[in-house]
Amino acid sequence: MADTFRSTEGLVDALADAEFDRPPALVSNAHITGLGVARALDAHGVPVISLDRAGGNAGDGGAETETVTHDGLAPPSDAVDFAGAVTYPLDDLDGFREDVEAIVDAADTEAVAFGCMDEWALSYAEADPDGVRLPFAGSDTLDDVLNKSALYATCERLGVPYPETYRLAETAAAATREPDATVEEAADALGFPLVVKPELKRDFEEAFGTNVIEVADREEFADVVAAASGEGIAVMAQKRVDIATGRDHSLASYVPPSGRGDALAVVGNAAVRYPRNFGTSCLVETADEPAIEERALAVLDDAGYHGISESEFVYDADREEFLLLDVNTRPWKWIGMPVAAGANLPMAAYAAVTDATYESNGVEPTRWVYLRDYLSLLAGDDVFWDQLSAADWRRLVSGAFEREGDLTTGVYRPSDAGPAAKLFETEFVDREYYCSC
């Protein structure tokens, strides 16, 4: 178990004394999503090295163990063998490549990379470190899928419903496709409030701290578009969908290089979000929605994408149909749900690029809950009716949910108590971890 988060140099030193009987997995980040991936791989005996950016002052920690500050939850998980800092790729891609190559050299074996946020997945693909195997498509394909303009053009061609969207002339200089409308024309067509989102969200998130901005009137709309233009970022205007609360669905899938016919997939319903209408998922359950699976796999197949992904759909109450909103080409916060249901997507991806084998025995109905957010809803001022039964709560408190029933969790797991204990510790520390997933 990795109970410390080391500096790059400290990690290299520790790995020089380690022995591996199979390629280790390099899992980035070292927080909730990375923890879910680590546990999925550890269940099949895959060694895990968690990599992330350092938190706080990189010089903090113990000199003897060469540790650094990190508030993520993957160490001290029993599923993580080693953990340490690397150069954040958005700050210095070459430095990131050099760090990863030094880690692989020290381990004296090739490794398999799992990027659990867009910046990590894209950076592994773009940096292409020596000795690292990628269980997902290359950077050109990733860009095509993550580019919202290209994604919606694919939806249009395939007949997959998506929200009404206009590429804006005011940011056309930075765009990859021709504009559809000016700010004024888009405002007339969509009305207010409307949503402004970027073609590619990495730079937009760096500039604005979010990947989508809702605007209430023409003045606010024009200001946001002008700011995006000043940053050299192409944006689009999108209709604000009258979303039916509790009906968001996603396809969780692993598509192998052989194509969609061999895909491993589970549809999940984000039954509860925190905050309720616009937050991240905190209760997700399997769902029988074959149309969502068919449409999502068609889009991925058209793009030539292979790897793990989450295809997000919202239910438009006005149009009475599911609309494809986004595709995330990497693991995500509730990756533990398909794993518990019987579709271990990380292990399927790992097996595809190594000598390991994995075969799903079928998918069973499963629910996933992130208790930190779920309990916050129950304790909040807004009315929220508990969707867990008394039997569910008894299994959660006793730890029996790990052995019986159809419920699994994010972070909290009595058999691997370190991450939940650390969450209690960091919850009351006056500093904010850079990533919520």
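The values are calculated or read from the model by the stated rules, or taken from the named source; none is laboratory data. Just so you know, these numbers come straight off a predicted model, no measurement behind them. Virtual Cβ from ideal backbone geometry, glycine too; neighbours counted across all protein chains shown. In case anyone asks, the SASA skips ligands and DNA or RNA and just uses the protein heavy atoms, side chains included. Shrake-Rupley method; radii C 1.70, N 1.55, O 1.52, S 1.80 Å.
Judged by the ratio a/c of the largest to the smallest principal axis of the C-alpha gyration tensor, the stretch 143-300 counts as prolate, that ratio being 1.5 or greater while a/b is larger than b/c. Fully extending the segment from A216 to D17 would add 65.8 nm, taking 0.36 nm per residue of separation and subtracting the current Cα-Cα distance. If you run the Gaussian network model on the chain, springs between alpha carbon atoms under 10 Å, then out of D81, D71, D318 the most flexible one is D318. Under a Gaussian network description of the chain, with springs only between Cα atoms under 10 Å, the residue in G261, G138, G45 that fluctuates furthest is G261. Residues considered: V212, V241, V383. Largest GNM mean-square fluctuation over the chain, using C-alpha springs under 10 Å, is found at V383. Note on exposure: F208, F221 ranked by accessible area (1.4 Å probe, complete protein assembly) read F208, F221, with the most exposed listed first.
Against the chain, whose longest principal axis is taken from its Cα atoms, helix 218-230 shows a tilt of about 50°. Note on M117: accessible area approximately 40 square angstrom, rounded to 10, probe 1.4 Å, nucleic acids and ligands left out. A Cβ-based charge dipole, computed about the Cα centre of the chain with Lys and Arg at +1 and Asp and Glu at -1, lands at about 1160 debye. Angle of helix 148-158 to the longest C-alpha principal axis of the chain, folded into 0 to 90 degrees and rounded to 10: 70°.
Within the same chain, lysines fewer than 8 places from K201 are excluded, and of the rest, those with a Cα less than 28 Å from its Cα are K148, K239, K333. Using only side-chain charges placed at the Cβ, +1 for Lys and Arg and -1 for Asp and Glu, the dipole size of the stretch 299-437 relative to its Cα centre rounds to 660 debye. Full extension of the chain between V383 and D301 yields a length gain of 25.3 nm, computed as 0.36 nm times the residue separation minus the alpha carbon distance. Taking Lys and Arg as +1 and Asp and Glu as -1, the other residues whose beta-carbon sits under 15 Å from that of A420 total -4.
Available extension along the chain between T176 and L93 is 27.6 nm, counting 0.36 nm per residue and deducting the alpha carbon span. Here is how the number arises for the chain: DSSP H runs of 4 or more residues each give -39500 (n - 2.57), the sum is divided by the residue count, and the result at 222 nm is -10000 deg cm²/dmol.
The simple Förster model, with R0 at 45 Å and r as the Cβ-Cβ distance, assigns A400 and R276 a FRET efficiency of 0.95.
Note on exposure: S309, S415 ranked by accessible area (1.4 Å probe, complete protein assembly) read S415, S309, with the most exposed listed first. Ligands, DNA and RNA aside, E219 has an accessible area near 140 Å² when probed at 1.4 Å.
Entry note, the stretch 297-437: relative contact order of 18 percent, from Cα contacts under 8 Å with a spacing of 6+ residues.
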